[in-house]
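Single-structure report; data block below.
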Amino acid sequence: QVQLEESGGGLVQPGGSLRLSCAASGSIFSIYNMGWYRQPPGKQRELVAAITSGGSARYADAVKGRFTISRDDSKSTVYLQMDSLKPEDTAVYSCRVVLTTGSDGYESDYWGQGTQVTVSS
């Protein structure tokens, strides 16, 4: 069993910052790609940022220059630092982790439960 625990969401004013965390625990053998997705009200879920096991990151155009994804493999945790937040960043943010639970190399992806981020004055 693998669990993902997210934290760090909340209400923030425009221009403010938040830092999301997602910690994986359980029967983990190796962690590969880690990422953050968001689903704004009434819209489909979209990729925000992702980071490979080698540390290569990619971002949605809407967040480039404002958000930073990072990972700490010693803690099996991925972070999303969100700066210069805008009202249009309001969404439920969920983490996704691709990992293996054994030496057979079979990869599975797991999702966090989601955390609400609201940007409003």
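The figures follow:
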read-out: Selection within the stretch 71-97 - over 12 Å from the mean Cα position of the chain (by Cα), in a strand (DSSP E or B) and among the charged types (D, E, K, R); value: 72
read-out: Filtered residues of the stretch 20-47 (kept if more than 8 Å from the chain's Cα centre (by Cα) and either outside any loop (DSSP other than H, G, I, E, B) or crowded, with 20+ Cβ neighbours inside 10 Å (or both)); value: 23, 24, 25, 26, 30, 31, 32, 33, 38, 39, 46, 47
read-out: Of residues in the stretch 103-121 being assigned to a loop (DSSP other than H, G, I, E, B) and open to solvent by 30 Å² or more (accessible area, probe 1.4 Å), the one farthest from residue 29 (Cα to Cα); value: 121
read-out: Residue satisfying all of: in the stretch 48-65; in a strand (DSSP E or B) and of a type in the set (Val, Ile, Thr); surrounded by the most Cβ atoms within 10 Å (Cβ to Cβ) among these; value: 48
read-out: Hits in the stretch 1-19 - residues which are farther than 15 Å from residue 88 by Cα and part of a strand (DSSP E or B); value: 2, 3, 4, 5, 6, 7, 19
read-out: Members of the stretch 1-19 that are open to solvent by less than 30 Å² (accessible area, probe 1.4 Å) and under 13 Å from residue 101 (Cβ atoms); value: 2
read-out: Residue satisfying condition, being modelled with pLDDT under 95, polar (S, T, N, Q) and either open to solvent by less than 20 Å² (accessible area, probe 1.4 Å) or within 16 Å of the chain's Cα centre (by Cα) (or both), within set 100, 68; value: 100
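The values are calculated or read from the model by the stated rules, or taken from the named source; none is laboratory data. Keep in mind the model is a prediction, meaning the values are calculated, not measured. Here Cβ is always computed from backbone atoms with ideal geometry, including for glycine, and neighbour counts include all displayed protein chains. Remember, those area values only see protein heavy atoms, side chains included, never the ligands or the DNA or RNA. Shrake-Rupley method; radii C 1.70, N 1.55, O 1.52, S 1.80 Å.
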